[in-house]
Amino acid sequence: MATAKPILYNSWISSCSHRVRIALNLKGVDYEYRSVNPLTDPDYEKINPIKYIPALVDGDIVICDSLAISLYLEDKYPAHPLLPKDLKRKALNLQIANIVCSSIQPLQGYAVIGLHKGNMSSDQSLQIVQHYIDKGFRAIEKLLDGCESKYATGDDVQLSDVFLEPQIHAGINRFQIDMSKYPILARLHDAYMEIPAFQAALPKNQPDAPSS
Amino acid sequence: MAVGKPVLYSAWISSCSFRVRIALNLKGVDYEYRAVTWNDPDYEKINPIKYVPALVDGDFVVSDSLAIILYLEDKYSQHPLLPQDLKKKAINLQIANIVCSSIQPLQCYAVIGLLDGRLGSDESFQIVRTYIDKGFRAIEKLLEGCDSKYATGDEIQLADVFLAPQIHAGMTRFQIDMSKYPLLERFYKAYMEIPAFQVAVPEKQPDAPSPGV
């Protein structure tokens, strides 16, 4: 009996989901895309009690949280390793990934939800997002000061790249971020956009993206 | 020439620093504690985003509690914090990330907002309590039926290292009623029996204010 494909619960616009789509594509994992809106889908809580996306169901294993999913994929699917063996470069990748997923995106999520619920004005919401993106991006520019490699930590795409691109994409497309202030990240973004695994993962290319 | 001890840049009250102190203690790593005060201008050279903790190990600097702890996991084999089993490993990472991405950043936002004067004390408090409650309820559901000593088994693992500081902060700073989260309440009592956790608590750090002040 053939093993079923892993199922990714996600949504086109979610930057956390975008990270996992890139990782799955890089590793050549064929998956089933299941679009979900946790705010309106009452059954999703059984998959992820905190009701965030993405979640990956792989056989009888359910994994939630984009970093936990990425590290699971890293263990299970050896194609295109995302973490170097070298401890320093590995730590740098995890640090950059965590700047995105702990220091930028949660505040972006907070501000987007705040606007959606009417707790804050659109100006207030945008200001919060831009503040935290700027803070995180400036820190990453300093961390990568002098970077001459093709991607953030070398000439192969690694975990930090998988986390950076969705945040840069969201910044440019949703939050009016001027990437000329972050030249290394701007250069990396251009390099990512040459890669099929990244192109296929873009929000606009997902089955549930609105038609233009 | 003797290799220097790793240096941990930390603040007594920082729950992110508390996680790393627990991990260092569990792994028996002797380290130098270097207290970082709020808005210390030199600290930016260590960590450009200016958050604690950061670990300096020889010529190598790493920041962010999860990155530091996964580095320690690779470098110091004593007391492994991640199981080999992929399912249990994923649950540990998920719980750690609920704390470090879905609870603590919003707690930090609200605390800084209060210090900056952007948020009133009621508003700040409410934000923290909302996100702690949301995260803790999710973890209770995730671990429903758990009858092991700690979150994912009878050994302390990564999830426990991240849970203890968040529960401690909830109880001591944000008036969280832990009776609403019976599993977490049970785990916390178990954590506080363990020397590696006891020694790591904020009140015992060199930069903690003297009691009674």
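The values are calculated or read from the model by the stated rules, or taken from the named source; none is laboratory data. Computed from a predicted structure; not experimentally measured. FYI the Cβ positions are ideal-geometry reconstructions off the backbone, even for glycines, and counts take in every protein chain you see. Just the protein is used for accessible areas: all its heavy atoms, side chains included, with ligands, DNA and RNA removed. Shrake-Rupley method; radii C 1.70, N 1.55, O 1.52, S 1.80 Å.
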_Give me P(r) over the protein assembly as shown, computed from all C-alpha to C-alpha distances, binned every 10 Å, as integer percentages._
4, 22, 34, 28, 11, 1, 0
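Other chains near B:47-53: what is the mean number of their Cβ atoms within 10 Å of each residue's Cβ?
Working: counts 4, 11, 12, 2, 5, 0, 0.
If you average over the peptide's residues, the count of other-chain Cβ atoms is 5.
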*Compute the Rg/Rh shape ratio of segment A:1-157: radius of gyration over Kirkwood radius, all on alpha-carbon atoms.*
1.00
_Low-density loop cleavage sites - chymotrypsin sites (Phe, Trp or Tyr not before Pro) in segment A:19-90, where at most 15 other Cβ are within 10 Å (DSSP)_ = none
_Distance between segment A:102-116 and segment A:1-70 - C-alpha centres, whole angstrom_ = 20 Å
*Stretched out fully, how many nm does the piece from B:GLU73 to B:SER148 gain, at 0.36 nm a residue minus the Cα gap?*
24.7 nm
*asked:* Give me the one-decimal nm value for the distance between modelled label points at B:ALA190 and B:LYS5, 7 Å along each residue's Cα-to-Cβ direction.
replied: 3.1 nm
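Take each of the peptides B:143-151, A:13-21, A:58-66, average the number of other beta-carbon atoms within 10 Å over its residues, and list them starting from the highest.
On the way: B:143-151: 13.8, A:13-21: 25.1, A:58-66: 20.6.
Those peptides, ordered most packed to least, come out A:13-21, A:58-66, B:143-151.
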_For segment A:7-81, take every pair of Cα atoms, bin their distances at 10 Å starting from 0, and report each bin as a whole percent._
20, 58, 20, 2
*With N set to the residue count of segment B:20-155, report its C-alpha Rg divided by 2.2 N^0.38 Å to two decimal places.*
1.21
*asked:* Give me the percent relative contact order of segment B:86-198, please, defined on Cα pairs under 8 angstrom at least 6 residues apart.
replied: 29 percent
*asked:* Testing the spin-label approximation: label points 7 Å from Cα along Cα→Cβ at B:THR172 and B:VAL199. State their distance in nm.
replied: 1.7 nm
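Using Stokes-Einstein with the Kirkwood hydrodynamic radius over Cα pairs, what translational diffusion coefficient do you get for segment B:86-198 at 25 °C and a viscosity of 0.890 mPa s, in µm²/s rounded to a whole number? Spell out each step's value before the answer.
Details: Rh = 14.5 Å.
Rounded to a whole number, D works out at 170 µm²/s.
Report in % the part of the accessible area of the protein assembly as shown that belongs to carbon and sulfur, leaving out ligands and nucleic acids; probe 1.4 Å. Don't jump to the answer; show the numbers that get you there.
Working: 9800 of 18840 Å².
Of the solvent-accessible surface of the protein assembly as shown, carbon and sulfur hold 52 percent.
Multiply the residue gap between A:LYS142 and A:LYS5 by 0.36 nm, knock off their C-alpha separation, and tell me the result in nm, one decimal place.
Working: separation 137, 0.36 × 137 = 49.32 nm, distance 4.05 nm.
Going from the current span to full extension adds 45.3 nm.
All other residues with a Cβ under 12 Å from the Cβ of B:ALA169 taken together, and with Lys, Arg as +1 and Asp, Glu as -1, what is their net charge? Numbers along the way, then the final one.
On the way: positive: B:ARG19, B:ARG129, B:ARG173; negative: none.
Net charge in that neighbourhood comes out at +3.
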*What is the projected area of the convex hull of the Cα atoms of segment B:7-80, averaged over all directions, in nm²?*
4.6 nm²
_If I model a spin label at A:GLU74 and A:MET179 as a point 7 Å from the Cα along the Cα→Cβ vector, what separation in nanometres do I get?_
2.5 nm
